[in-house]
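Note sheet for the following structure.
The values are calculated or read from the model by the stated rules, or taken from the named source; none is laboratory data. No experiment lies behind these values; they were computed from the predicted model shown. Cβ placement follows ideal geometry from the backbone for every residue including glycine, while neighbour counts extend to all protein chains displayed. Side chains are part of the model used for accessible areas, which takes the heavy atoms of the whole protein and leaves out ligands, DNA and RNA. Shrake-Rupley method; radii C 1.70, N 1.55, O 1.52, S 1.80 Å.
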Amino acid sequence: MVASVLERDGLLRRLRGDGVLRPAIDPGLAGGLRDWLEDGLVESVATLPAGTDVVRVNKESLNQVLLCEAHFDAGRKAPRMTTVELARGSLVDALFRQWVTTGVIDDPWGDALAAFEVDGDRDGVLAFVAGLPDTIRRRLTAEVSEHAVVITQRWPVPSPAWLPRTQERLEVPLCGGRVVLAGVVDLVLGSPAQDRASVCLVELKSGARRIEHRPDLHFYALLETLRSGAPPFRIATYYTGTGELDAEPVGEDILVGALSRALDGAIRLCRVAAGVEPARQPNHLCAWCVGLPACVPGQKRAGTDVPLVSSGQTESDGEPV
């Protein structure tokens, strides 16, 4: 019990950035970042046909379209598939929300399933879990319980003074609402201040620690800056499998980098929305892309001979004709 208390206190100090002066808020920063984005999107938005749906830029669409425009285009037309890993992540997220808000987890598996029954099950996790073979469901139940142990032993229940909010939606409309930057943060602590940055953003991950998680957090830091007018002072990813916390302060360099990446992705997403033939960028995920049967460059990269379907391509050059 003493070890658990010490771990929680240490994690809390890292989240608060104890001993580090929080940066002063530049009152012109958020407005300058917004102008930069809107100026960069003017030409792309002008190409969108009348009646085109709002172009939504979130972490998933950014990651996909920057990897390969064709991969994003194929994926958005395919039905969303639930996997054991995605189900585990959703169940652990539900338990984390319960722990942060109540400080109690009695029955990890039962509590997680009950959360979906109360809050809704948009991704069909309950039906997916119910349809799993008994051996796989028992293994998943054990994994969820293991993650719950890490959460309850190592994660501090935040004081109400921290104004904890779970599943906080961040939305920033640009260019008259034709483009919307959007995200959902697992946990937000603190409230925007007038003089010094005071908000901490936390993302939860039930999988392995990966460097690719940082750009997602940087994107959320940009959204919070644009939404509230003040950047967060700290962003963090918490890994419920190991109890690791990957935390970093937010400086202007992070926000500028996140803006450049978001702008690049938003321009590409506008291109796809406008009906422009998506660029094909072969990469390490080609073998798992749902668009592989229609992609010559992807098949070459994957080293496979999946039969091609009609795609408007020729084997000779792999480019649209």
Checklist entry - Rounded to the nearest 500, what is the chain's calculated 222 nm mean residue ellipticity when only DSSP H runs of at least 4 contribute -39500 (n - 2.57) each, over all residues? => result -15500 deg cm²/dmol
Checklist entry - If you roll a 1.4 Å probe over region 1-93 with all protein chains in place, what percent of the accessible area is carbon or sulfur? => result 56
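With a length cut of 24 Å (Cα positions projected on each helix's long axis) and a Kyte-Doolittle mean of at least -0.5, go through the chain and give me the DSSP H helices that pass. It would help to have the intermediate numbers written out before the result.
Numbers: long enough: 29-46 (26 Å, 0.32); 84-102 (27 Å, 0.39); 134-154 (30 Å, -0.43); 252-273 (31 Å, 0.76).
Helix filter hits for the chain: 29-46, 84-102, 134-154, 252-273.
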Checklist entry - Relative to the Cα centre, what is the charge dipole magnitude of the chain, using +1 at the beta carbon of each Lys and Arg, -1 at the beta carbon of each Asp and Glu, and rounding to the nearest 20 debye? => result 240
Item to check | Per-residue ³J(HN,Hα) for region 292-303, Karplus 6.51 cos²θ - 1.76 cosθ + 1.60, θ = phi - 60°, Hz, x for Gly and Pro | outcome: 4, x, 10, 10, 5, x, x, 5, 5, 5, 7, x
Checklist entry - Ignoring ligands, DNA and RNA, what accessible area per residue does the chain give at 1.4 Å, in Å²? => result 50
Item to check | Cα-based Rg / Dmax (Å) for the chain | outcome: 21.7, 68
Checklist entry - Considering only G32, T52, L67, whose Cα is most displaced toward the positive end of the charge dipole of region 16-92, charges sitting on Cβ of Lys, Arg (+1) and Asp, Glu (-1)? => result L67
Item to check | Reference-scaled alpha-carbon Rg (2.2 N^0.38 Å with N residues) for region 213-255 | outcome: 1.20
Checklist entry - Considering amide H positions built from the backbone, and no H for Pro or chain starts, which residues 5 or more places from L163, or on another chain, come under 5 Å of its amide H? => result G190
Next on the checklist: Under the rule of at least 5 residues apart or a separate chain, name every residue whose amide H is placed under 5 Å from the amide H of A193.
Outcome noted: S198
Next on the checklist: Below 18 Å, Cα to Cα, which lysines can K205 reach? Residues fewer than 8 away in the same chain don't count.
Outcome noted: K59
Next on the checklist: For the pair A130/V20, report the inter-label distance in nm, with labels modelled 7 Å from Cα in the Cβ direction.
Outcome noted: 4.6
Item to check | For peptides 226-234, 137-145, sequence by mean Cβ density within 10 Å, most packed first | outcome: 226-234, 137-145
Next on the checklist: Given 20 °C and 1.002 mPa s, compute D for region 71-198 with the Stokes-Einstein relation, Rh being the Kirkwood radius over Cα pairs; round to the nearest whole µm²/s.
Outcome noted: 126
Next on the checklist: Across region 236-303, what fraction of all alpha-carbon pairs, as a whole percent, falls in each successive 10 Å bin from zero upward?
Outcome noted: 17, 24, 30, 27, 3
Checklist entry - Using the C-alpha gyration tensor of region 1-141, what are the square roots of 5 times its eigenvalues, in whole angstrom, with the largest one first? => result 36, 30, 13
